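Asks: Following this message is one structure expressed as structure tokens.
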Amino acid sequence: MTELRVDRIACTGHGVCASVLPHHFELDEWGYPIVTDPVVTAADGTTAIRLCPARALYRS
Ligand code: SF4
């Protein structure tokens, strides 16, 4: 398991993280992520980091 964090400066609100890991991210009214559960499997963490178009996800 690993913990994901959002770089809020880099994040551009594409919402891919919430689509890929809906049990871990919600989107606020502007489309920016709220981390509801940062603990994900290593594989899910790698996938989400790879798919974030702004490279705004990282492991803590
Ligand atoms: S996928 Fe990346 S850029 Fe898009 S909302 Fe999530 S963290 Fe932000």
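Asks: Taking region 1-56 on its own, how many of its residues are under 9 Å from the mean Cα position of the chain (by Cα) and among the β-branched types (V, I, T)?
Replies: Counting residues in region 1-56 that are under 9 Å from the mean Cα position of the chain (by Cα) and among the β-branched types (V, I, T) gives 6.
Asks: Continuing with the same structure: Can you tell me which residue is surrounded by the most Cβ atoms within 10 Å (Cβ to Cβ) among those in region 28-46 that are part of a loop (DSSP other than H, G, I, E, B) and within 8 Å of the ligand (Cβ to nearest atom)?
Replies: Y32
Asks: Could you list, in sequence order, the residues of region 1-27 that are free of Cβ contacts under 8 Å to residues at least 12 places away in the same chain, more than 10 Å from the ligand (Cβ to nearest atom) and touching a strand residue (DSSP E or B) at 6+ places or on another chain (Cβ under 6 Å)?
Replies: Of everything in region 1-27, just one residue is free of Cβ contacts under 8 Å to residues at least 12 places away in the same chain, more than 10 Å from the ligand (Cβ to nearest atom) and touching a strand residue (DSSP E or B) at 6+ places or on another chain (Cβ under 6 Å), namely E26.
Asks: Exactly one condition in (1) touching a Phe, Trp or Tyr at 6+ places or on another chain (Cβ under 7 Å); (2) not in a helix (DSSP H, G or I) is false for A54; which is it?
Replies: (1)
Asks: Looking at (1) assigned to a loop (DSSP other than H, G, I, E, B); (2) of a type outside the set (S, T, Y); (3) more than 7 Å from the ligand (Cβ to nearest atom), can you tell me which one I49 breaks?
Replies: Status for I49: all satisfied but (1).
The numbers here are math on the coordinates, done by the rules we state, and not lab data. Owing to the predicted nature of the structure, the values given are computational and were not obtained by experimental measurement. Heads up, the Cβs are rebuilt from the backbone with ideal geometry, glycines too, and the neighbour counts pull from every protein chain shown.
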